[in-house]
Amino acid sequence: MNRRGWGISCAAALLLCGCAAPQSEETVQTVDPPAGGGETTVVISSGEVSCEAPADDSEARGQAERLVAAEPRFTADEAHFSFAVHDYETGVLCSYQPADAYETASIIKVATLATLLWQIEQSPDLMFDENLQALAEQAITVSDNDAQEELWQFIGGEAGIREFLDAAGMTDTLTDGEGTWGLTMTTADDQLRLMDGIVNAEVISASDSDYLLGLMRQIDTEQVWGVSEGAPLGALVALKNGWLDDPSDEWVSDPSPEQPADAPTATPGQPDEDEDMTPLDEGEPYEDEPYEDDESYGEQIDPNATWTNNSIGYVSGIDQSYSLVILSDGNATDEQGRAVVGSVSETVTQALIG
């Protein structure tokens with residue numbers, strides 16, 4: 001295992017076992033309500049972890065303090081990730097490095113479908129017909145890239161989704177200049193805004209919100225990981241994950257000198273066409289859809305490629321109602337990236353539940 005792989009494996013282990021570096025100094029700040037009304041809040045922070053909670057709610061403050069106390073686990077060397085969580089029962093908002101930017105990979109499919117539903121609500125001439133419904137189901141439940149591409153074109157691509165992102169307040173989410181939807185850049189803050197807008201029916205109607213969350217509760221079992229890990233027993237989990245291999249800078253500029261000059265090459269982020277799998281459309285990142293040949297899925301010509309692994313979702317139960325976003329990149333393998341995301345989810349959930 002190379003040094004990067006060792007570091008990320010240890011980072012995941014630190015999150016799982018709870019051992020970590022010394023905690024940064026904790027600070028507490030009381031914020032008065034705005035002039036128009038509201039409640040007094042308290043902001044508790046330590047290092048890169050910051051939580052906001054109602055000042056007069058002991059349960060909420062306890063949640064915030066537990067999450068801040070977990071800060072050493074989130075600062076393990078090598079693992080690069082961010083999270084943002086919103087507990088709707090207590091009003092607690094917590095985040096870690098929420099402004100860092102990551103490629104969306106297939107979590108963009110949630111925003112794409114939300115854009116479509118939003119556009120239909122805005123225009124009486126648009127109909128959510130059976131074809132669009134089938135595409136929506138395929139894009140969300142099995143992360144079908146072809147279905148996503150059709151939806152992307154239907155909403156107007158970058159221009160269409162930009163209108164929705166602005167309406168949702170997602171100003172830090174930037175589409176790829178060449179129209180590759182999986183390379184859209186986003187932040188944990190923006191993805192939490194999206195989940196808040198869906199869960200609270202703020203950017204789409206309540207019925208459309210129920211529909212979209214319903215699809216996110218029907219994810220193929222092989223794609224269920226991330227924010228589902230650590231979720232309370234019996235809770236309903238609506239999620240969408242994304243995973244994408246990123247070529248190294250060296251590979252983009254100069255393929256491995258160990259390869260002969262006439263060796264077959266592949267577009268960075270895509271499988272070799274010689275593999276027994278259906279190649280993606282040119283320009284699409286290689287991510288998400290599990291190919292029938294599982295042994296060859298994830299094989300890369302670039303030995304130094306890293307992985308982006310993201311998970312967004314909403315967890316609801318008898319005593320729980322929260323949205324959680326976890327974004328990560330620079331992972332040595334897909335498996336290690338998923339381990340980091342899952343460990344963060346478990347740590348955050350344990351702090352929320354107490």
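The values are calculated or read from the model by the stated rules, or taken from the named source; none is laboratory data. Predicted model only: the values in this text are computed from it and were never measured. No Cβ is skipped: glycine too gets one built from the backbone with ideal geometry, and neighbour counts run over all protein chains shown. For the accessible areas, the whole protein counts, side chains as well, though only heavy atoms, and no ligand, DNA or RNA atoms are used. Shrake-Rupley method; radii C 1.70, N 1.55, O 1.52, S 1.80 Å.
Shape class of region 41-113 from the Cα gyration tensor (axes a ≥ b ≥ c, square roots of the eigenvalues): oblate, since a/c reaches 1.5 or more and a/b does not exceed b/c. Under a Cβ-Cβ cut-off of 11 Å, what is the net charge of the residues other than GLY342 that fall near it, where Lys and Arg count +1 and Asp and Glu count -1? Overall, the nearby charge balance is -2.
Shape of region 78-146 from the C-alpha gyration tensor: prolate (a/c of 1.5 or more and a/b above b/c, with a ≥ b ≥ c the square roots of its eigenvalues).
Solvent-accessible surface (1.4 Å probe) assigned to TYR88 amounts to roughly 50 Å².
If a/c stays under 1.5 just call it rounded; otherwise compare a/b with b/c (prolate if a/b is bigger, oblate if not). Do that for region 113-242, with a ≥ b ≥ c from the square roots of the Cα gyration tensor eigenvalues. Rounded, because the longest to shortest axis ratio a/c is under 1.5. The stretch between GLN122 and THR30 holds 29.1 nm of extra length on full extension. This uses 0.36 nm per residue minus the Cα-Cα distance.
For the pair GLU48 and ASP210, a Förster radius of 25 Å applied to the C-beta separation gives a FRET efficiency near 0.10, rounded to the nearest 0.05.
When nucleic acids and ligands are ignored and a 1.4 Å probe is applied, ARG66 ends up with an accessible area of around 90 Å².
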